[in-house]
Amino acid sequence: MSAEGGLTTTGYIQHHLTNLAVCSDAAKDAAGHCHGFWTFHLDTLLVSGLLGLVVFGLMAKAAGSASSGVPGKLQNFVEMVVGLVDQQVRDTFHGKSALVTPLAITIFVWVFVMNAMDLIPVDFLPIAAGAVGVHYLKAVPTTDPNLTFAMSITVFFIMLWMNVKVKGFGGFMHEVFSAPFGAKLAPVNFIFRVVEDIAKPISLALRLFGNMYAGEMVFILIALLGIWQLPLALPWALFHILIITLQAFVFMMLTIVYMSMASESH
Amino acid sequence: MNINATLIGQAIWFALFIWITMKYVWPPLQKAMADRQAQIAEGLAAAERGKHEQELAAKRSADALREAKEKSAEFVAQAEKRAQQIVEEAKGNAKVEADKIVAGAKAEIEQEVERAKQQLRERVAELAVAGAEKILRKEINASVHADMLGALKQDL
(Lines give C-alpha, C1' and ligand atoms only; values in the text may rest on other atoms or scores of the structure.)
Protein backbone atom coordinates (compact mmCIF):
# COMPACT_ATOMS: atom_id res chain seq x y z
CA MET A 1 0.00 0.00 0.00
CA SER A 2 2.60 2.53 0.92
CA ALA A 3 6.33 2.86 1.03
CA GLU A 4 6.42 2.53 4.79
CA GLY A 5 3.95 -0.03 6.11
CA GLY A 6 3.38 1.70 9.42
CA LEU A 7 1.75 4.82 7.97
CA THR A 8 -1.84 5.77 8.58
CA THR A 9 -4.15 6.64 5.71
CA THR A 10 -3.72 10.34 6.37
CA GLY A 11 0.01 9.92 6.61
CA TYR A 12 0.04 8.00 3.34
CA ILE A 13 -1.87 10.70 1.52
CA GLN A 14 0.24 13.46 3.03
CA HIS A 15 3.38 11.59 2.16
CA HIS A 16 2.27 11.43 -1.44
CA LEU A 17 1.45 15.11 -1.55
CA THR A 18 4.73 16.32 -0.09
CA ASN A 19 7.38 17.63 -2.40
CA LEU A 20 11.04 16.82 -2.10
CA ALA A 21 12.13 20.21 -0.83
CA VAL A 22 15.56 21.68 -0.22
CA CYS A 23 16.35 24.85 1.64
CA SER A 24 18.95 26.30 3.98
CA ASP A 25 19.08 24.85 7.49
CA ALA A 26 17.80 28.13 8.90
CA ALA A 27 14.50 27.71 7.04
CA LYS A 28 13.80 24.25 8.45
CA ASP A 29 11.46 23.59 11.31
CA ALA A 30 11.98 21.03 14.06
CA ALA A 31 10.70 18.15 11.89
CA GLY A 32 13.11 19.08 9.09
CA HIS A 33 10.40 20.51 6.77
CA CYS A 34 11.20 23.61 4.77
CA HIS A 35 9.31 26.86 5.17
CA GLY A 36 9.67 30.26 3.61
CA PHE A 37 10.17 31.47 0.08
CA TRP A 38 13.68 30.19 -0.55
CA THR A 39 12.67 26.59 -0.82
CA PHE A 40 13.16 24.54 -3.96
CA HIS A 41 10.99 21.56 -4.88
CA LEU A 42 13.69 19.35 -6.34
CA ASP A 43 11.23 16.73 -7.62
CA THR A 44 9.20 19.29 -9.59
CA LEU A 45 12.29 20.97 -10.96
CA LEU A 46 14.05 17.75 -11.94
CA VAL A 47 11.10 15.81 -13.33
CA SER A 48 9.77 18.74 -15.39
CA GLY A 49 13.26 19.70 -16.53
CA LEU A 50 14.27 16.18 -17.54
CA LEU A 51 10.97 15.54 -19.30
CA GLY A 52 11.35 18.83 -21.14
CA LEU A 53 14.95 18.17 -22.09
CA VAL A 54 14.11 14.70 -23.40
CA VAL A 55 11.01 15.66 -25.33
CA PHE A 56 12.27 18.95 -26.74
CA GLY A 57 15.66 17.41 -27.45
CA LEU A 58 13.88 14.70 -29.41
CA MET A 59 11.80 17.26 -31.27
CA ALA A 60 14.87 19.38 -32.02
CA LYS A 61 16.62 16.25 -33.33
CA ALA A 62 13.66 15.39 -35.54
CA ALA A 63 13.43 18.98 -36.74
CA GLY A 64 17.17 19.23 -37.34
CA SER A 65 17.14 16.30 -39.74
CA ALA A 66 13.75 17.22 -41.17
CA SER A 67 13.56 17.17 -44.93
CA SER A 68 10.84 18.13 -47.34
CA GLY A 69 10.98 14.59 -48.76
CA VAL A 70 9.13 11.58 -47.34
CA PRO A 71 9.28 12.09 -43.54
CA GLY A 72 10.51 9.38 -41.19
CA LYS A 73 8.38 8.04 -38.35
CA LEU A 74 9.69 10.44 -35.70
CA GLN A 75 9.56 13.43 -38.02
CA ASN A 76 6.07 12.46 -39.08
CA PHE A 77 4.87 12.26 -35.49
CA VAL A 78 6.48 15.56 -34.51
CA GLU A 79 5.08 17.21 -37.63
CA MET A 80 1.64 15.90 -36.78
CA VAL A 81 1.72 17.37 -33.26
CA VAL A 82 3.28 20.62 -34.40
CA GLY A 83 0.85 20.84 -37.31
CA LEU A 84 -2.10 20.42 -34.95
CA VAL A 85 -0.89 23.25 -32.72
CA ASP A 86 -0.04 25.41 -35.72
CA GLN A 87 -3.57 24.93 -37.07
CA GLN A 88 -5.02 26.18 -33.79
CA VAL A 89 -2.71 29.19 -33.87
CA ARG A 90 -3.68 29.98 -37.46
CA ASP A 91 -7.38 29.72 -36.64
CA THR A 92 -7.20 31.96 -33.57
CA PHE A 93 -4.21 34.26 -33.83
CA HIS A 94 -4.30 36.56 -36.81
CA GLY A 95 -1.28 38.75 -36.10
CA LYS A 96 2.24 38.13 -37.26
CA SER A 97 4.57 36.75 -34.62
CA ALA A 98 7.47 34.33 -34.63
CA LEU A 99 6.83 33.63 -30.96
CA VAL A 100 3.22 32.52 -30.65
CA THR A 101 3.44 29.18 -32.47
CA PRO A 102 6.62 28.02 -30.68
CA LEU A 103 5.10 29.16 -27.38
CA ALA A 104 1.94 27.18 -28.05
CA ILE A 105 3.94 24.11 -29.12
CA THR A 106 6.07 24.31 -25.97
CA ILE A 107 3.05 24.62 -23.68
CA PHE A 108 1.09 21.81 -25.29
CA VAL A 109 3.93 19.31 -25.48
CA TRP A 110 5.47 20.09 -22.10
CA VAL A 111 2.20 20.17 -20.16
CA PHE A 112 1.11 16.99 -21.90
CA VAL A 113 4.20 14.98 -20.97
CA MET A 114 4.18 16.32 -17.39
CA ASN A 115 0.50 15.46 -17.00
CA ALA A 116 1.19 12.04 -18.47
CA MET A 117 3.41 11.27 -15.46
CA ASP A 118 0.08 10.83 -13.67
CA LEU A 119 -0.44 7.58 -15.55
CA ILE A 120 2.52 5.94 -13.82
CA PRO A 121 1.07 4.07 -10.82
CA VAL A 122 1.14 6.41 -7.81
CA ASP A 123 3.40 4.27 -5.66
CA PHE A 124 5.82 3.23 -8.36
CA LEU A 125 8.16 6.24 -8.46
CA PRO A 126 8.00 7.11 -4.71
CA ILE A 127 8.91 3.51 -3.74
CA ALA A 128 11.69 3.43 -6.34
CA ALA A 129 12.98 6.76 -4.99
CA GLY A 130 12.63 5.52 -1.42
CA ALA A 131 14.81 2.54 -2.28
CA VAL A 132 17.66 4.92 -3.13
CA GLY A 133 17.16 7.06 -0.03
CA VAL A 134 14.87 9.81 -1.35
CA HIS A 135 11.92 9.98 1.02
CA TYR A 136 9.57 12.34 -0.73
CA LEU A 137 8.74 12.40 -4.40
CA LYS A 138 5.79 14.01 -6.11
CA ALA A 139 6.15 12.63 -9.59
CA VAL A 140 3.62 14.81 -11.42
CA PRO A 141 5.10 18.31 -11.79
CA THR A 142 1.78 19.88 -12.81
CA THR A 143 0.34 19.07 -9.35
CA ASP A 144 2.79 21.65 -7.99
CA PRO A 145 1.27 25.16 -8.19
CA ASN A 146 4.78 26.58 -8.44
CA LEU A 147 5.07 25.09 -11.90
CA THR A 148 1.65 26.13 -13.13
CA PHE A 149 2.10 29.65 -11.79
CA ALA A 150 5.58 29.88 -13.27
CA MET A 151 4.12 29.05 -16.67
CA SER A 152 1.09 31.31 -16.38
CA ILE A 153 3.11 34.26 -15.10
CA THR A 154 5.59 33.81 -17.94
CA VAL A 155 2.65 33.79 -20.34
CA PHE A 156 1.34 36.91 -18.60
CA PHE A 157 4.60 38.79 -19.17
CA ILE A 158 4.80 37.67 -22.77
CA MET A 159 1.23 38.95 -23.12
CA LEU A 160 2.22 42.37 -21.72
CA TRP A 161 5.24 42.48 -24.00
CA MET A 162 3.05 41.57 -26.98
CA ASN A 163 0.63 44.37 -26.09
CA VAL A 164 3.44 46.94 -26.00
CA LYS A 165 5.09 45.56 -29.12
CA VAL A 166 1.96 45.64 -31.25
CA LYS A 167 0.28 48.80 -29.96
CA GLY A 168 3.28 50.72 -28.65
CA PHE A 169 3.48 51.79 -25.02
CA GLY A 170 1.21 54.78 -25.60
CA GLY A 171 -1.35 52.71 -27.49
CA PHE A 172 -1.36 50.10 -24.76
CA MET A 173 -1.84 52.68 -22.02
CA HIS A 174 -4.58 54.35 -24.05
CA GLU A 175 -6.36 51.01 -24.30
CA VAL A 176 -5.92 50.28 -20.60
CA PHE A 177 -7.46 53.59 -19.56
CA SER A 178 -10.11 54.11 -22.23
CA ALA A 179 -11.59 50.68 -22.92
CA PRO A 180 -14.35 49.67 -22.52
CA PHE A 181 -16.17 52.77 -21.15
CA GLY A 182 -14.28 55.64 -22.79
CA ALA A 183 -11.73 58.11 -21.47
CA LYS A 184 -14.16 59.79 -19.02
CA LEU A 185 -14.21 56.71 -16.82
CA ALA A 186 -10.45 56.10 -16.95
CA PRO A 187 -10.07 54.86 -13.32
CA VAL A 188 -12.90 52.38 -13.74
CA ASN A 189 -11.45 51.17 -17.01
CA PHE A 190 -8.06 50.77 -15.38
CA ILE A 191 -9.44 48.74 -12.47
CA PHE A 192 -11.44 46.57 -14.86
CA ARG A 193 -8.37 45.98 -16.96
CA VAL A 194 -6.19 45.08 -13.99
CA VAL A 195 -8.74 42.60 -12.69
CA GLU A 196 -9.20 41.13 -16.15
CA ASP A 197 -5.47 40.70 -16.77
CA ILE A 198 -4.62 39.43 -13.30
CA ALA A 199 -7.41 36.89 -13.57
CA LYS A 200 -5.82 35.39 -16.70
CA PRO A 201 -2.63 33.93 -15.18
CA ILE A 202 -4.45 32.94 -12.00
CA SER A 203 -7.17 31.04 -13.85
CA LEU A 204 -4.61 29.44 -16.18
CA ALA A 205 -2.46 28.23 -13.31
CA LEU A 206 -5.23 27.15 -10.98
CA ARG A 207 -7.19 25.30 -13.66
CA LEU A 208 -4.25 23.12 -14.58
CA PHE A 209 -3.12 22.68 -10.99
CA GLY A 210 -6.63 21.90 -9.72
CA ASN A 211 -7.39 19.34 -12.40
CA MET A 212 -4.13 17.49 -12.04
CA TYR A 213 -4.09 17.69 -8.24
CA ALA A 214 -7.62 16.30 -8.08
CA GLY A 215 -6.78 13.57 -10.56
CA GLU A 216 -3.71 12.62 -8.59
CA MET A 217 -5.77 12.63 -5.41
CA VAL A 218 -8.27 10.20 -6.91
CA PHE A 219 -5.39 7.90 -7.92
CA ILE A 220 -4.07 8.02 -4.35
CA LEU A 221 -7.50 7.28 -2.89
CA ILE A 222 -7.96 4.40 -5.31
CA ALA A 223 -4.55 3.08 -4.28
CA LEU A 224 -5.83 2.98 -0.68
CA LEU A 225 -8.55 0.46 -1.54
CA GLY A 226 -6.30 -2.58 -1.40
CA ILE A 227 -7.35 -5.26 -3.87
CA TRP A 228 -10.27 -3.09 -5.13
CA GLN A 229 -7.87 -0.66 -6.70
CA LEU A 230 -7.30 -3.15 -9.51
CA PRO A 231 -10.71 -2.75 -11.21
CA LEU A 232 -10.83 0.99 -10.43
CA ALA A 233 -7.37 2.27 -11.33
CA LEU A 234 -7.60 1.29 -14.99
CA PRO A 235 -10.91 3.04 -15.82
CA TRP A 236 -9.75 6.16 -13.99
CA ALA A 237 -6.43 6.08 -15.85
CA LEU A 238 -8.26 5.73 -19.17
CA PHE A 239 -10.52 8.61 -18.26
CA HIS A 240 -7.54 10.57 -17.05
CA ILE A 241 -5.89 10.33 -20.48
CA LEU A 242 -8.69 12.60 -21.64
CA ILE A 243 -8.05 15.09 -18.83
CA ILE A 244 -4.31 15.05 -19.47
CA THR A 245 -4.78 15.93 -23.13
CA LEU A 246 -7.63 18.32 -22.51
CA GLN A 247 -5.77 20.34 -19.86
CA ALA A 248 -2.68 20.61 -22.06
CA PHE A 249 -4.89 21.71 -24.92
CA VAL A 250 -6.84 24.22 -22.82
CA PHE A 251 -3.67 25.82 -21.43
CA MET A 252 -2.29 26.13 -24.96
CA MET A 253 -5.55 27.38 -26.44
CA LEU A 254 -6.10 30.04 -23.78
CA THR A 255 -2.53 31.22 -24.21
CA ILE A 256 -3.14 31.63 -27.93
CA VAL A 257 -6.38 33.50 -27.21
CA TYR A 258 -4.62 35.84 -24.76
CA MET A 259 -1.88 36.50 -27.32
CA SER A 260 -4.50 37.15 -29.93
CA MET A 261 -6.29 39.61 -27.62
CA ALA A 262 -2.99 41.28 -26.85
CA SER A 263 -2.19 41.80 -30.51
CA GLU A 264 -5.57 43.19 -31.54
CA SER A 265 -6.84 46.64 -30.71
CA HIS A 266 -10.16 46.96 -28.97
CA MET B 1 0.04 24.66 -1.55
CA ASN B 2 2.96 26.93 -0.94
CA ILE B 3 4.49 29.25 -3.45
CA ASN B 4 8.26 29.40 -3.22
CA ALA B 5 11.44 29.80 -5.21
CA THR B 6 10.59 26.72 -7.30
CA LEU B 7 8.54 29.24 -9.27
CA ILE B 8 11.73 30.94 -10.46
CA GLY B 9 13.35 27.68 -11.46
CA GLN B 10 10.27 26.60 -13.36
CA ALA B 11 10.07 29.93 -15.16
CA ILE B 12 13.68 29.41 -16.25
CA TRP B 13 12.91 25.91 -17.51
CA PHE B 14 9.86 27.23 -19.35
CA ALA B 15 11.85 30.05 -20.97
CA LEU B 16 14.57 27.58 -21.98
CA PHE B 17 12.07 25.24 -23.64
CA ILE B 18 10.33 28.10 -25.42
CA TRP B 19 13.73 29.18 -26.71
CA ILE B 20 14.60 25.65 -27.89
CA THR B 21 11.27 25.33 -29.66
CA MET B 22 11.57 28.77 -31.18
CA LYS B 23 15.09 28.24 -32.45
CA TYR B 24 15.54 24.54 -33.14
CA VAL B 25 12.12 22.92 -33.48
CA TRP B 26 9.64 25.21 -35.17
CA PRO B 27 11.62 26.95 -37.96
CA PRO B 28 13.11 23.81 -39.56
CA LEU B 29 9.83 21.94 -39.28
CA GLN B 30 7.89 24.84 -40.69
CA LYS B 31 10.33 25.08 -43.57
CA ALA B 32 10.21 21.33 -44.25
CA MET B 33 6.42 21.34 -44.18
CA ALA B 34 6.12 24.41 -46.40
CA ASP B 35 8.68 22.96 -48.83
CA ARG B 36 6.83 19.67 -48.97
CA GLN B 37 3.58 21.48 -49.61
CA ALA B 38 5.21 23.38 -52.45
CA GLN B 39 6.69 20.17 -53.86
CA ILE B 40 3.34 18.41 -53.78
CA ALA B 41 1.64 21.36 -55.44
CA GLU B 42 4.37 21.42 -58.07
CA GLY B 43 4.07 17.67 -58.63
CA LEU B 44 0.32 17.91 -59.11
CA ALA B 45 0.74 20.81 -61.51
CA ALA B 46 3.39 18.86 -63.43
CA ALA B 47 1.09 15.84 -63.64
CA GLU B 48 -1.67 18.06 -64.98
CA ARG B 49 0.72 19.59 -67.50
CA GLY B 50 1.94 16.14 -68.52
CA LYS B 51 -1.60 14.96 -69.07
CA HIS B 52 -2.37 17.99 -71.17
CA GLU B 53 0.82 17.54 -73.17
CA GLN B 54 0.04 13.89 -73.73
CA GLU B 55 -3.35 14.85 -75.11
CA LEU B 56 -1.71 17.37 -77.42
CA ALA B 57 0.86 14.79 -78.51
CA ALA B 58 -1.87 12.25 -79.26
CA LYS B 59 -3.65 14.84 -81.36
CA ARG B 60 -0.43 15.75 -83.13
CA SER B 61 0.42 12.14 -83.84
CA ALA B 62 -3.07 11.53 -85.26
CA ASP B 63 -2.63 14.57 -87.47
CA ALA B 64 0.77 13.38 -88.62
CA LEU B 65 -0.59 9.92 -89.35
CA ARG B 66 -3.45 11.31 -91.41
CA GLU B 67 -1.11 13.59 -93.31
CA ALA B 68 1.29 10.72 -93.98
CA LYS B 69 -1.56 8.59 -95.29
CA GLU B 70 -2.71 11.35 -97.59
CA LYS B 71 0.79 11.92 -98.85
CA SER B 72 1.44 8.24 -99.45
CA ALA B 73 -1.83 7.90 -101.36
CA GLU B 74 -0.77 10.86 -103.47
CA PHE B 75 2.62 9.27 -104.06
CA VAL B 76 1.06 6.00 -105.14
CA ALA B 77 -1.25 7.81 -107.55
CA GLN B 78 1.66 9.76 -108.97
CA ALA B 79 3.74 6.63 -109.31
CA GLU B 80 0.92 4.84 -111.08
CA LYS B 81 0.54 7.74 -113.47
CA ARG B 82 4.26 7.83 -114.10
CA ALA B 83 4.36 4.09 -114.70
CA GLN B 84 1.57 4.38 -117.22
CA GLN B 85 3.45 7.21 -118.87
CA ILE B 86 6.60 5.11 -119.02
CA VAL B 87 4.70 2.19 -120.50
CA GLU B 88 3.11 4.51 -123.06
CA GLU B 89 6.48 5.97 -123.91
CA ALA B 90 8.03 2.53 -124.16
CA LYS B 91 5.21 1.43 -126.43
CA GLY B 92 5.78 4.47 -128.67
CA ASN B 93 9.51 3.91 -128.78
CA ALA B 94 9.04 0.22 -129.56
CA LYS B 95 6.71 1.04 -132.43
CA VAL B 96 9.13 3.55 -133.89
CA GLU B 97 11.97 1.09 -133.53
CA ALA B 98 9.89 -1.71 -135.02
CA ASP B 99 8.90 0.51 -137.92
CA LYS B 100 12.51 1.40 -138.42
CA ILE B 101 13.52 -2.26 -138.37
CA VAL B 102 10.71 -3.18 -140.70
CA ALA B 103 11.64 -0.36 -143.05
CA GLY B 104 15.30 -1.46 -142.95
CA ALA B 105 14.30 -5.01 -143.62
CA LYS B 106 12.04 -3.96 -146.49
CA ALA B 107 14.81 -1.88 -147.99
CA GLU B 108 17.20 -4.77 -147.69
CA ILE B 109 14.71 -7.12 -149.22
CA GLU B 110 14.19 -4.72 -152.07
CA GLN B 111 17.91 -4.44 -152.53
CA GLU B 112 18.18 -8.19 -152.43
CA VAL B 113 15.37 -8.49 -154.96
CA GLU B 114 17.08 -5.92 -157.12
CA ARG B 115 20.33 -7.79 -156.88
CA ALA B 116 18.59 -11.08 -157.63
CA LYS B 117 16.86 -9.45 -160.60
CA GLN B 118 20.24 -8.16 -161.76
CA GLN B 119 21.71 -11.60 -161.45
CA LEU B 120 18.70 -13.14 -163.12
CA ARG B 121 18.98 -10.62 -165.91
CA GLU B 122 22.57 -11.52 -166.36
CA ARG B 123 21.79 -15.19 -166.13
CA VAL B 124 18.82 -14.92 -168.52
CA ALA B 125 20.93 -13.04 -170.95
CA GLU B 126 23.66 -15.63 -170.66
CA LEU B 127 21.14 -18.46 -171.00
CA ALA B 128 19.58 -16.76 -173.94
CA VAL B 129 22.96 -16.20 -175.41
CA ALA B 130 23.97 -19.77 -174.62
CA GLY B 131 20.67 -21.07 -176.15
CA ALA B 132 20.98 -18.83 -179.06
CA GLU B 133 24.61 -19.78 -179.38
CA LYS B 134 23.68 -23.43 -179.43
CA ILE B 135 20.95 -22.77 -181.96
CA LEU B 136 22.92 -20.39 -183.99
CA ARG B 137 26.32 -21.87 -183.42
CA LYS B 138 26.71 -22.79 -187.02
CA GLU B 139 25.47 -19.64 -188.66
CA ILE B 140 25.71 -16.93 -186.12
CA ASN B 141 28.86 -15.52 -184.80
CA ALA B 142 28.54 -14.38 -181.24
CA SER B 143 30.79 -11.49 -181.69
CA VAL B 144 28.78 -10.34 -184.73
CA HIS B 145 25.55 -10.28 -182.80
CA ALA B 146 26.93 -8.91 -179.57
CA ASP B 147 25.45 -5.52 -180.29
CA MET B 148 22.03 -6.91 -180.72
CA LEU B 149 22.36 -9.00 -177.56
CA GLY B 150 23.53 -6.02 -175.65
CA ALA B 151 20.43 -4.12 -176.71
CA LEU B 152 18.29 -7.06 -175.68
CA LYS B 153 19.95 -7.17 -172.27
CA GLN B 154 19.06 -3.53 -171.77
CA ASP B 155 15.42 -4.17 -172.56
CA LEU B 156 15.11 -6.98 -170.13
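Have a look at A:Val47, A:Val54 and point out the one that is modelled with pLDDT of 85 or more and exposed (fewer than 13 other Cβ atoms within 10 Å of the Cβ).
After ruling out the rest, the residue left standing is A:Val54.
Which one of the conditions (1) in a loop (DSSP other than H, G, I, E, B); (2) among the β-branched types (Val, Ile, Thr); (3) in contact with a Pro (Cβ under 9 Å, 6 or more places away or on another chain) does A:Ile153 fail to meet, given that it meets all the rest?
(1)
Restricting the first residue to the stretch A:53-68 and requiring it to be of a type in the set (Val, Ile, Thr), which pairs with a second residue that is part of a helix (DSSP H, G or I) meet a Cβ separation below 8 Å and a spacing of at least six or different chains?
From residues that are of a type in the set (Val, Ile, Thr), the pairs are A:Val55/A:Val109; A:Val55/A:Trp110; A:Val55/A:Val113.
Within the stretch A:97-111, does at least one residue satisfy the condition of being within 11 Å of another protein chain (Cβ to nearest Cβ), touching a Gly at 6+ places or on another chain (Cβ under 8 Å) and aromatic (Phe, Trp, Tyr)? Quick ask: steps written out before the conclusion?
Initial filter on the stretch A:97-111 (within 11 Å of another protein chain (Cβ to nearest Cβ)): A:97-111.
Right, trim to touching a Gly at 6+ places or on another chain (Cβ under 8 Å) and you get A:110.
If we keep only those that are aromatic (Phe, Trp, Tyr) as well, we get A:110.
Yes.
What residue, of A:Ala26, A:Ala116, A:Ala60, is surrounded by 14 or more Cβ atoms within 10 Å (Cβ to Cβ), away from chain B (no Cβ under 12 Å) and either part of a helix (DSSP H, G or I) or under 22 Å from the mean Cα position of the chain (by Cα) (or both)? Lay out the reasoning, then the answer.
On the way: A:Ala26 fails: surrounded by 14 or more Cβ atoms within 10 Å (Cβ to Cβ); A:Ala60 fails: away from chain B (no Cβ under 12 Å).
Just a single option satisfies the conditions, and that option is A:Ala116.
Examine the stretch B:4-14 for a residue that is away from chain A (no Cβ under 14 Å) and more than 26 Å from A:Leu74 (Cβ to Cβ), and state whether such a residue exists.
No, the stretch B:4-14 contains no residue that is away from chain A (no Cβ under 14 Å) and more than 26 Å from A:Leu74 (Cβ to Cβ).
Restricting to the stretch A:193-214, count the residues that are out of contact with any helix residue (DSSP H, G or I) (no Cβ under 6 Å at 6 or more places or on another chain) and among the hydrophobic types (A, V, I, L, M, F, W, C).
Total meeting the criteria: 7.
Restricting attention to the stretch A:65-88, does a residue exist that is part of a loop (DSSP other than H, G, I, E, B), more than 10 Å from chain B (Cβ to nearest Cβ) and of a type in the set (S, T, N, Q)?
The answer is no; no qualifying residue exists.
Exactly one condition in (1) part of a helix (DSSP H, G or I); (2) free of Cβ contacts under 8 Å to residues at least 40 places away in the same chain; (3) at the interface with chain B (Cβ under 10 Å from one of its Cβ atoms) is not met by A:Asp43; state its number.
(2)
Tell me whether the stretch B:38-56 contains one or more residues that are at the interface with chain A (Cβ under 7 Å from one of its Cβ atoms) and either part of a loop (DSSP other than H, G, I, E, B) or not hydrophobic (A, V, I, L, M, F, W, C) (or both). Quick ask: steps written out before the conclusion?
Just the residues of the stretch B:38-56 that are at the interface with chain A (Cβ under 7 Å from one of its Cβ atoms), to begin with: B:39.
Next, only the ones that are either part of a loop (DSSP other than H, G, I, E, B) or not hydrophobic (A, V, I, L, M, F, W, C) (or both) stay: B:39.
Checked against the condition, which is being at the interface with chain A (Cβ under 7 Å from one of its Cβ atoms) and either part of a loop (DSSP other than H, G, I, E, B) or not hydrophobic (A, V, I, L, M, F, W, C) (or both), the stretch B:38-56 yields at least one hit.
Please work out if A:Ser65 is more than 30 Å from A:Tyr136 (Cα to Cα), in contact with a Pro (Cβ under 9 Å, 6 or more places away or on another chain) and at pLDDT below 90.
yes
Within the stretch A:183-205, is even one residue within 30 Å of A:Tyr12 (Cβ to Cβ) and modelled with pLDDT of 90 or more?
The answer is yes, given that some residue of the stretch A:183-205 is within 30 Å of A:Tyr12 (Cβ to Cβ) and modelled with pLDDT of 90 or more.
Does the stretch A:131-140 contain any residue that is within 8 Å of chain B (Cβ to nearest Cβ), assigned to a helix (DSSP H, G or I) and either within 18 Å of the chain's Cα centre (by Cα) or of a type in the set (A, V, I, L, M) (or both)?
no
The values are calculated or read from the model by the stated rules, or taken from the named source; none is laboratory data. All values reported here derive from a predicted model rather than from experimental measurement. Please note: Cβ atoms are built from the backbone with ideal geometry, for glycine as well, and neighbour counts cover all protein chains shown.
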